[in-house]
Every structure is written in structure tokens, then in C-alpha cells.
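Taken together, the values in this text are just the output of simple stated rules run on the coordinates, not laboratory data. Here the structure is a predicted model, which is why all the values come from computation and not from measurement. Using ideal geometry, Cβ is built from the backbone for each residue, glycine included, and neighbour counts are taken over all protein chains shown.
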Amino acid sequence: MRARVLIVGCGFGGLYAARALARAAVHVTVVDRANHHLFQPLLYQVATAGLSAPAIAAPIRQILARQKNARVLLADVRAIDAERREATLEDGQALCYDYLIVATGAAHSYFGHDEWALYAPGLKTLDDALEIRRRILLAFEHAERESDPACRAAWLTFAIVGAGATGVELAGTLAEIARHTLPGQFRQFDPRTARVMLIEGTDRVLPTYPPDLSEKARLQLERLGVTVWLNRKVTHADAEGVEAGGERLATRTVLWAAGVSASPLAATLGVPLDRAGRVEVRPDLSIPGHPEVFVVGDLAAVEGVPGIAPAAKQMGRLAARNVARSLQHEPSRPFRYRDYGQLATIGRRAAVAVFGRFRLWGFPAWLLWLVAHIYFLIGFRNRLVVLAGLAWSYWTQERHARIVLRD
């Protein structure tokens, strides 16, 4: 009888784990609450109307259709009983397994103020991206109807909390929309008067990058028209603005990119968690006391490993290979992260990149970012659509996905 391998979550970690088991003599079950795999590095492009949702997503069933030893379930895993080797779904159904790979990723963290989520949505899923796009575009529409200058200014002020890669990308793209895409399309105001505020609690943008690249990123943002607030932690958020560093900012659009917390599923494993709720895994990515259970991606606390797509892919592959080694009665291997560098785009012809001691910025970094992201997309169609969409936006400054539905 073939061993049953259950993979919970089909982000980068889960997908690459499933693919790595394609030739193994196992039954693979992939469970995800969404029916699609999402290319998260380009999610901000959907949020800012540069790309449509299908351009960066693909049905999981389609991706794994040719993998005969894999089946896909659309469901939400609510709990895991490691002792009984069962995963419980939202309807109470139990899935039994011989090996388990948990790759459910991370959610937004509001640092103990979950009530802020109502006013400051984060960006993790397609639903998040569509909601952010709706808020951004409707803010300009409200400004067109507003006669009071102060109220109009609030609608035309956009605050992004957190200056990591997501925050920087959102801020730079929003500035380009206001200054290059929308001018001439409104009659009661000039979109170029919009303020884009990037609020960061530390002393620099892109805190995980080398200080010199952080400074270059800040300068590129300011050249685009972004106002950068450093060393200012947000202490309050509501429907009419945010407070940061003791100063009140009147804005009707706040976007959250400041922190993440691990999936709540981690707490059901019954093992130690770190402060962010991530699982403190063993060197081979298994959990203490259960060598048949592996945790990968953003859910795994591995020192020195960033929460980026390449790391999740590498973890997924290793977990799958360790499952295969266990079936052959071979010892598992520890995880060794291979750093392929980091890339962050800031705007048109503006980006930063670091590969060990090798660093790029400006147009060369942007070109490298473009090539890398298109290359790693799932499926030829997605690559073609994204290339066409980004090329059109580059040459025309237009953003074709500016369709929203009102409440």
C-alpha cells in the first residue's frame, strides 16, 4: 500500500513539495482553501490595476493535472492532530495521512490591534488585492465629487504602513498612477496633487537590504513623489486617518504592509512557536516528536532564512525529498538555504537588487526584476499575459485593469 502524503497549502512551498513527489510511490493529497496557486510577488500589480487577477494565478487542478499520483481538494484545514495523524476540515471531515507537509504561510499582523484591519487592509490574497484596488480607485472618484478642500485632500492622501518590499512597491506604483496615469481624466482636481505617504517604524526603508541600497530606494521613492516617514510607529488607525510618531495624518485610504503573523494552524500542532507564531522546526524541517510532519515556507521559523518565495520553494523540495528518503529508510537531510538574492521594484525603471556582494539599482535592477518575475511565473500563458501587460503599462503609462464594483 502506498504511503499517504498530505500537503496543506499550495503556495510556493506546497506546490514545489507536490511536484517533487511526482515520481515517488505515494498518494499525494493537496488541500487549499483557494482553488488557485498565486504568484504573490506580483500581487501588488493587481492591487494597483496593472494586471488582472488571472494573469498571476492558475488553477491548482490545472497545474497538477498530469501528476497522476496527486489529487486536489478545495477545503480549509482547521486543525491537525499529530498523534492521530489526522487533519480536520471545516466541515468536520478528517483526512488521514502517513506524512504531512504544512505550508499554509502567514497572515497580516496588526501587533495586537486587529481592529485596524477594517481600516487598513493588507495584501496577501487576490481578495485583498481586489479590495485594495477598489479603495484606491474609489478614492479618486470620491475626490471628484468632493467640494470641501480638506475632505478632498483626505481622499487624495494614501498612507502605506510598512516600508518592506510590499510597502515600497505599493507606494512607488501609487505615485506613478497619480502622476502619470490619471492626469487629464478628472475635471475637479489634478490627480498629481495626491499625496503618497510611506510610514516606517525603523530608520530606513527595505530594512532587510544593505543600508546603501535602502538609501538608494528611499531616494528613488522621493523622486517619484513619495513622502517617506521614518522612525514613526503607527499608534492608531480609523476610518479618517492614522497616527504615527505623535502626528495625525488625515487620509481615507490606509494600506497595511507592516507585519505578518503565522497561520493559526501552527498552534494546533502542539509544538513550540516563536513570537510570530511560527513553528520552531528541527534542522530537517520536521517538528519535534513527529518526524513524519514537516513545516515549510513562512510558517517555519528557520534562523537566517527570509520569508520570500525562493526560500519556500527550497523548503518544499527538501521536505518532499525527506519524505522519499524516509520511505527508503534513509536518514533525512537538514535544510540549507541557498541565497539567490533579493529584488524590489520601486517604479518604472526603478528597483534595487542584492546578490551577496553584488548590488544593482535603477534601470538595470528593474530590468533584472522584470526578467526574473516573468521567468518564475507558473505557465506560459501567464508569462505572456504579464509580459504584454507590463510592456503596455511601461510604454503608455496606462493601467488596463481599472474596473471596480461599488458596494
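For the chain, set up a GNM with springs between Cα atoms under 10 Å and report which of Arg223, Arg187, Arg71 has the largest fluctuation.
In this elastic network of the chain, the residue with the biggest mean-square fluctuation among Arg223, Arg187, Arg71 is Arg187.
Using helices alone, I'd like the mean residue ellipticity at 222 nm for the chain: each DSSP H run of four-plus residues gives -39500 (n - 2.57), total over residue count, nearest 500.
After summing the helix terms and dividing by residue count, I get -9000 deg cm²/dmol.
Going toward the positive end of the dipole of region 1-72, with +1 on Lys and Arg Cβ and -1 on Asp and Glu Cβ, which of Ala18, Ile7, Val28 do you reach last?
Checking the options against the dipole of region 1-72, the answer is Val28.
Please identify, among Ile132, Ile308, Ile287, the residue showing maximal mean-square fluctuation in a Gaussian network model of the chain using a 10 angstrom Cα cutoff.
Taking springs between Cα atoms under 10 Å, the residue moving most is Ile308.
Go through region 23-61 and name the trypsin sites (Lys or Arg not before Pro) that are in a DSSP coil and have 13 or fewer other Cβ atoms within 10 Å of their Cβ.
Arg23
Evaluate E = 1/(1 + (r/R0)^6) for Ala107 and Gln188, where r is the Cβ-Cβ distance and R0 equals 41 Å; express this FRET efficiency to the nearest 0.05.
My answer for the efficiency is 0.60.
So which helices of the chain fit the span-like rule, where a helix is a whole DSSP H run, its Cα atoms reach 27 Å or more along the axis, and its mean Kyte-Doolittle is at least -0.5?
Sorted by number, the helices that extend far enough and score high enough are 126-145, 309-327.
If you take every DSSP beta bridge fully contained in the chain, what fraction is antiparallel? Give it as a percent rounded to 5.
Approximately 50 percent, going by the DSSP bridge assignments.
Where the centre of each part is set by its Cα atoms, how far does region 67-145 sit from region 213-265, in angstrom?
So the two Cα centres are separated by 23 Å.
About the Cα centre, and with charges only on the beta carbon of Lys, Arg (+1) and Asp, Glu (-1), how big is the dipole of the chain? Nearest 20 debye, please.
Roughly 1620 debye for the chain.
Name the most mobile residue of Leu51, Leu118, Leu377, meaning the one with the largest mean-square fluctuation, in a Gaussian network model of the chain with Cα contacts below 10 Å.
Looking only at Leu51, Leu118, Leu377, the largest GNM fluctuation is found for Leu118.
Within region 266-372, report the trypsin sites (Lys or Arg not before Pro) that DSSP leaves as loop and that have at most 10 other Cβ atoms within 10 Å.
Arg275, Arg336, Arg338, Arg357
Which ordering of Ile63, Ile80, Ile101 is given by a fewest-first count of other beta-carbon atoms within 10 Å?
Ile63, Ile80, Ile101
In whole Å, largest first, what are the principal axis extents of the Cα atoms in the chain?
71, 44, 41
Kindly state, as a whole number, the per residue volume in cubic angstrom of the convex hull around the alpha carbon atoms of region 114-258.
103
So for region 192-238, what percent of the C-alpha to C-alpha distances run longer than 15 Å?
Percentage above 15 Å: 48.
In region 42-112, what chymotrypsin sites (Phe, Trp or Tyr not before Pro) fall in a loop by DSSP, with at most 13 other Cβ atoms inside 10 Å?
Here the sparse-neighbourhood loop sites are Phe111.
Let me check the size of region 289-374 from its C-alpha atoms; what are the radius of gyration and Dmax in Å?
My reading of the Cα-based Rg and Dmax gives 16.8, 52 Å.
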